Amino acid sequence: MTREEILNIVDNKHIFSVRFLKKDGTERTMNCMFGVQKYVTGKGKKFDDADHNLITVYEFKSKGYRSFKADSVIEIKANGKIYE
């Protein structure tokens, strides 16, 4: 999946699940959401996610912001559908 396809699948302010391969080759699943403003410091990132093919989300389990590479996504569960 491309970054744009993923962003079109997932609605802002809706919880979704993403399964992807980490840098070390292991699989990870996150329950996450876009648009969460809690814990934002206002400093921002020093780089643009699009330049690195990254997607940044808020993960509920770790209660923090996490990023994953769009091209490492195996599956997304969103809006009652599964996308592979």
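The values are calculated or read from the model by the stated rules, or taken from the named source; none is laboratory data. Worth saying up front: this structure is predicted, and the values here are computed from it rather than measured. Every residue, glycine as well, gets a Cβ built from its backbone with ideal geometry; the counts of neighbours run over all protein chains shown. With ligands, DNA and RNA removed, areas are computed over all heavy atoms of the protein, side chains included. Shrake-Rupley method; radii C 1.70, N 1.55, O 1.52, S 1.80 Å.
Listing for the model above:
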| quantity | calculated |
| --- | --- |
| So residue 61, is it outside any strand (DSSP E or B), touching a Gly at 6+ places or on another chain (Cβ under 9 Å) and not β-branched (Val, Ile, Thr) | no |
| Condition broken by residue 7, with the remaining ones in (1) open to solvent by 90 Å² or more (accessible area, probe 1.4 Å); (2) in a helix (DSSP H, G or I) satisfied | (1) |
| Residues being within 16 Å of residue 13 (Cβ to Cβ) and open to solvent by less than 50 Å² (accessible area, probe 1.4 Å) - total across the stretch 50-66 | 5 |
| Scope the stretch 64-80; condition touching a residue at least 24 places away in the same chain (Cβ under 8 Å) and not aliphatic (A, V, I, L, M); matching residues | 64, 65, 66, 68, 69, 71, 72, 75, 77, 79 |
| Residue that is exposed (fewer than 10 other Cβ atoms within 10 Å of the Cβ) and part of a loop (DSSP other than H, G, I, E, B), where the choices are 38, 45 | 38 |
| Qualifying residue in the stretch 3-16 (condition: among the hydrophobic types (A, V, I, L, M, F, W, C) and touching a helix residue (DSSP H, G or I) at 6+ places or on another chain (Cβ under 7 Å)) | yes |
